[in-house]
Structures are given as C-alpha cells and as structure tokens.
Amino acid sequence: MPSTERVPKPPWPLVATCTRGLEDVLAEELRSLGLGEAEIGRGSVRFAGDLRAVYRANLGLRTAIRVLLPLASGNATDRDSLYRLASTVGWERLTGPDQSLAVEAVGRTPELPHSGFAALVVKDAIVDRIRAHRRRRPNVDRADPDLRVHVHLGVDETAISLDSSGEPLSRRGYRLQGAEAPLTESLAAGLLLMAGYDGSRPFLDPMCGSGTLAAEAALIASRSAPGLERNFAAERWPFHDAGVLEDELRQARSRSRTPPAKIAANDIDPKTVAATKKNLRRAHMLRFVTVSRADIHDLDPPGPGSLIVTNPPYGHRLGELEKLRPLYRELGDALKQRAAGCTAWLLVGARELAKEIGLHASRRIVVFNGPIECRFFRYDLYAGSRRRQPPGEAGGSG
Ligand SMILES: C[S@@+](CC[C@H](N)C(=O)[O-])C[C@H]1O[C@@H](n2cnc3c(N)ncnc32)[C@H](O)[C@@H]1O
C-alpha cells in the first residue's frame, strides 16, 4: 500500500501550468476529464484531486506544461524567508533513504533575481531538514532525480510544489525532426481546441513545418491521450500507486478510435514534408494523416467544411517582413478562391503581415508563442465573393 500519510489527505490543491493565453482551454480540458471545477490563474489553472487525478491530468491534458502538487506557499521574497518556507515541509517523509532529489525554480523577486540561486536556497533547506531527521545527507541528482521539487517565485506569493510531470508535458517526444520555428505541442493542441476541433470535420495544415498541428489534430481526432507513450515524475513518488495508474492507462487506451474525418498536412519544402512524416510515424499517427508536398497556391482542402489551421512563416527582421508580404497575400487569395465553405484559423506574429491576408477576421485571440505575442485569427470562408478589406482593417475585430 502506498503510504499516503506522507502528504496531507486528498483532495489536494493541484496546479496545471500552461502557456499564457491557453488558461481557458486548459480549464475546459480539466472539466472534460472529470477533474472538477477549475480556477483560472495567469499561465496556470488550479483544481483539486487525489493521486488518480494527478495521473489522469498528466496522461490526458493536451495544453498543460506541468501538473504540480503545492506543499507550501507564502510570502518568501528573499533568501531567509524562502529558506524558512522550504523548511516547513516534511521532506524526510517524502523521500526514501536512498532517493535523490532536484530543485527547479522559475520566476524572480527583487531580492532573488536569479531563479538558479533560489533553487539552491530551497535545495539547502531540504538537505538540512532531511539531514537533521535522518543524520544523512540526501543525494542531489539534477539529471535524473527521484523527487522533483518545483519553486514558483513571486512577489505576491511563492509556492513550493512537487512536480508530478518531470519532462514538460508539452514535449510529447514525437518531434525529433525539426523545421523552422516549430510550435510547442501543447500550443498546437491549444490552438486546435480553441478552433473547436474535435476530429469530426476534415482538417488541413497547408504550411505544416514539422507537422505539430497535424500530429496534435490526429491525437485529438483519434482520442489518443497525449501522455500514453511517456513516464511521469509522479511514478517515482514514495506514495505512487501503480494499480491506480494502470487503471487510468487502461481507461485512456479504451477511448481511442479511428478519426472519423480526413486529416492532411502540406508544405512547400520537401525536407519539411519528410520531417513531418517521421514525426507523425513516431507519434503513431502517420496512418491517420495524408502528408504531401504542395504550394499554398494549390490549396486543396480535404473535404467540404474543412477546418484549416496553420502558422505561416513569421519573419521578425524588417527585410524578412517585406519578403513575406506576397506570401500572406497569396495565402489570403488561396483561402478565398479555393476554400469556400471552410473555416481557417491563422496564427500570425506580425500585424503588418496579417493585413496582407485581405480577409475579414471574425475572431481574434491573443496567444503567446514563446515570447512572441501573436494573434490567432478566424476567417469564415463563405462561398461567393467577400469584400477585400481596405488596408488597415484586415485581420479586424472579432
Ligand atoms: C512557421 S513554419 C510552420 C511550423 C509548424 N507549425 C511546426 O510546428 O513545425 C511555416 C512553414 O511554411 C512553409 N511554407 C513557406 N512558404 C510556403 C508555401 N508557399 N506553400 C506552402 N508552405 C510554405 C515553410 O516551409 C515552413 O515549413
């Protein structure tokens, strides 16, 4: 039996972290996984649950980066207060005698501007406390620890948590073949969920790069839990329950299906097309996706009422932006002329380029792709002509 007395009795407060802009989608995912009412924060969503909830969240969440179990939180903005906060946790009950640990910190305060130093402070507090109780120093293993401690430093509140995920959930493990500026897997899944994709209508990414959107579309459409192929840090917790995890895995596997509608991915670059195929094969999704080399000029949606989601090349330097203008015009024209009856969503990093699309956006959502503030535009592509907008209005309000 796992000794759950090592931690407070569940339901525990739990936190799922995400890219800013995806909080609402993540909260909806938690609800649909039966993980209760969620409270939305900035780049995170709080919920409550037990060990089963921890496993289910790690296996099933598409937009989360980590799932954390907070152990202590409070005002800790400098070295001494952080050390004191970390010393309040019963670390000696959370690690076995030969187990190792590692501490990772994010955020900063004016007195603790370097997260690496904050991690060292918490590590010292943990080591001192365990040594005082056991008369033995625990092992610190930053590469492959048994217990992963996560510190979120903030001026208002600092939280010290157990990280149940380990390797970020956003790294599914299938994307080894790169392309220019790939989306993270969790962001790609978030965009698709924001666009209302559930696999029931045909899907196309006409500028697929390394194929992240197509892979995530296939995972959603086939109802495949994104975490089935990997392990989680919680599996090394001293109160891990292999039986409960096995039950969650069985339930997750039993939900999978063959996608009911076509999924397609295209790119102009043959090397990128090859990379997409390799990534999809690694994700076990290649059989569900048709991958071809095609120019946006020859846009060919895979069926009536298709959903088209893509992120065209960004270009950040001035010269690059200028070079990309014709491509965005071509994309807008192709959507208008060749995708009537479809819905398109484009993730665009530069406003100037969005204007070149020349179509009226019916929605516009701000999303962060790493540090880049992007707009996710929705275009309803009606049959027949739709007025091209005068410059300055396109990519408009939503
Ligand atoms: C920003 S990347 C897409 C990244 C992708 N979402 C991922 O996660 O890897 C843009 C892609 O557009 C492709 N592209 C550029 N011009 C194109 C064109 N005329 N037709 C089709 N694809 C094009 C590029 O080869 C590149 O792979």
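The values are calculated or read from the model by the stated rules, or taken from the named source; none is laboratory data. Given the structure is predicted, the values throughout are model-derived calculations rather than measurements. Quick reminder, even Gly has a Cβ in these numbers, built from the backbone with ideal geometry, and neighbours come from all protein chains shown.
When you scan the stretch 106-152, how many residues do you find that are of a type in the set (A, V, I, L, M, F, W, C), in a strand (DSSP E or B) and closer than 23 Å to Glu92 by Cα?
Total meeting the criteria: 4.
Are any residues in the stretch 239-277 assigned to a helix (DSSP H, G or I), of a type in the set (S, T, N, Q) and within 19 Å of Leu204 (Cα to Cα), and if so, which ones?
Of everything in the stretch 239-277, those that are assigned to a helix (DSSP H, G or I), of a type in the set (S, T, N, Q) and within 19 Å of Leu204 (Cα to Cα) turn out to be Thr272, Thr276.
If I filter the stretch 171-183 for residues that are more than 16 Å from the ligand (Cβ to nearest atom), surrounded by fewer than 20 Cβ atoms within 10 Å (Cβ to Cβ) and assigned to a loop (DSSP other than H, G, I, E, B), do I get at least one hit?
Looking through the stretch 171-183, none of the residues is more than 16 Å from the ligand (Cβ to nearest atom), surrounded by fewer than 20 Cβ atoms within 10 Å (Cβ to Cβ) and assigned to a loop (DSSP other than H, G, I, E, B).
Does Glu180 meet the test of being of a type in the set (D, E, K, R), outside the structural domain of Leu331 (by TED's automatic domain parsing), closer than 18 Å to Ala16 by Cβ and more than 17 Å from the chain's Cα centre (by Cα)?
no
Only one of these is in a helix (DSSP H, G or I), without any contact (Cβ under 8 Å) to a residue 60 or more places away in the chain and not small (Gly, Ala, Ser): Leu35, Leu30, Leu26. Name it.
After ruling out the rest, the residue left standing is Leu30.
The rows are residues; the columns are (1) surrounded by fewer than 16 Cβ atoms within 10 Å (Cβ to Cβ); (2) touching a residue at least 60 places away in the same chain (Cβ under 8 Å).
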position: Pro10; (1), (2): no, no
position: Arg62; (1), (2): no, yes
position: Gly74; (1), (2): yes, yes
position: Ala86; (1), (2): no, yes
position: Arg93; (1), (2): yes, yes
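When the stretch 208-226 is examined, which residues are found to be buried (at least 24 other Cβ atoms within 10 Å of the Cβ) and either among the small types (Gly, Ala, Ser) or farther than 16 Å from Arg281 by Cβ (or both)?
Gly209, Ser210, Gly211, Leu213, Ala214, Ala215, Ala217, Ala218, Ala221, Pro226
Every residue, every condition in (1) assigned by TED's automatic domain parsing to the domain that holds Asp300; (2) over 17 Å from the mean Cα position of the chain (by Cα), yes or no:
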site: Arg137; (1), (2): no, yes
site: Met194; (1), (2): yes, no
site: Gly199; (1), (2): yes, yes
site: Asn231; (1), (2): no, no
site: Glu248; (1), (2): no, yes
site: Gln251; (1), (2): no, yes
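Quick check: anything in the stretch 247-269 among the small types (Gly, Ala, Ser) and within 23 Å of Ile65 (Cβ to Cβ)?
yes
Could we say that Leu213 is under 30 Å from Leu85 (Cβ atoms) and in contact (Cβ under 8 Å) with a residue 60 or more places away in the chain here?
So Leu213 does not fit the description; no.
For Asp205, indicate whether it is within 16 Å of the ligand (Cβ to nearest atom) and acidic (Asp, Glu).
yes
Of the residues that sit in the stretch 184-202 and are in contact with a helix residue (DSSP H, G or I) (Cβ under 7 Å, 6 or more places away or on another chain), at negative phi and in a loop (DSSP other than H, G, I, E, B), which one is farthest from the ligand (Cβ to nearest atom)?
Asp198
One line per residue, one yes/no per condition, for (1) aliphatic (A, V, I, L, M); (2) touching an Asp or Glu at 6+ places or on another chain (Cβ under 8 Å); (3) closer than 21 Å to Phe239 by Cβ:
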{"position": "Ala125", "(1), (2), (3)": "yes, no, no"}
{"position": "Asp128", "(1), (2), (3)": "no, no, no"}
{"position": "Arg131", "(1), (2), (3)": "no, no, no"}
{"position": "Leu147", "(1), (2), (3)": "yes, no, yes"}
{"position": "Glu157", "(1), (2), (3)": "no, no, no"}
{"position": "Arg172", "(1), (2), (3)": "no, yes, no"}
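Report, by residue number, each residue of the stretch 272-315 that is more than 17 Å from Ala218 (Cα to Cα) and more than 9 Å from the ligand (Cβ to nearest atom).
Hits for the stretch 272-315 are Ala274, Asp300, Pro304, Gly305, Gly315.
Go through the stretch 86-113 residue by residue and tally those that are farther than 21 Å from Asn139 by Cα and touching a strand residue (DSSP E or B) at 6+ places or on another chain (Cβ under 9 Å).
Adding up the residues that qualify gives 5.
Name, by its number, the condition in (1) near the ligand (Cβ under 10 Å from one of its atoms); (2) more than 12 Å from Ser210 (Cα to Cα) that does not hold for Ala261.
(1)
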